[in-house]
Amino acid sequence: FLEPVFEAAYKELGNTDRSWQETLNFAMTQVETTPLPSAPPELVGQGKVYIFKDPNLEALPPVQKAMIRMGNINARKIIEAVKAFHAQI
């Protein structure tokens with residue numbers, strides 16, 4: 001019922017390279033596949049921001065870096081919620 005409304009709004013925003021559903025699936029997959037480190041990652045200051053010392057972590061997509069920054073306990077809760085939602089749609 002709502003998918004056509006979401007798709008129209010998504011296209012109205014200028015997103016024409018893929019459908020709303022494809023974008024949603026891509027975003028959920030990025031969250032679900034976030035590699036969580038076994039220990040808190042080391043950060044280094046770069047001006048007014050901190051970046052991951054490990055270049056492999058710093059090269060991750062923004063959503064995955066945000067997931068890592070919130071800590072494994074919180075990240076796992078979000079990953080599980082996204083997986084459950086993804087399985088339902």
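The values are calculated or read from the model by the stated rules, or taken from the named source; none is laboratory data. The shown structure was predicted, so the numbers you read here are calculated from the model rather than taken from an experiment. Quick reminder, even Gly has a Cβ in these numbers, built from the backbone with ideal geometry, and neighbours come from all protein chains shown. Accessible surface is based on the protein model in full, side chains and every heavy atom, while ligands, DNA and RNA are left aside. Shrake-Rupley method; radii C 1.70, N 1.55, O 1.52, S 1.80 Å.
Quick look at the values:
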{"item": "Environment charge of Gln88, counting only residues whose C-beta is closer than 15 Å and scoring Lys/Arg +1, Asp/Glu -1", "result": "-2"}
{"item": "Carbon/sulfur fraction of accessible area - the chain, other protein chains in place, 1.4 Å, %", "result": "61 percent"}
{"item": "Per residue, the convex hull volume that the Cα atoms of the chain enclose (Å³)", "result": "127 Å³"}
{"item": "Centre separation in Å (Cα based) which lies between the stretch 1-25 and the stretch 36-83", "result": "28 Å"}
{"item": "Over the chain: helical MRE at 222 nm, DSSP H runs n ≥ 4 each giving -39500 (n - 2.57), nearest 500", "result": "-17500 deg cm²/dmol"}
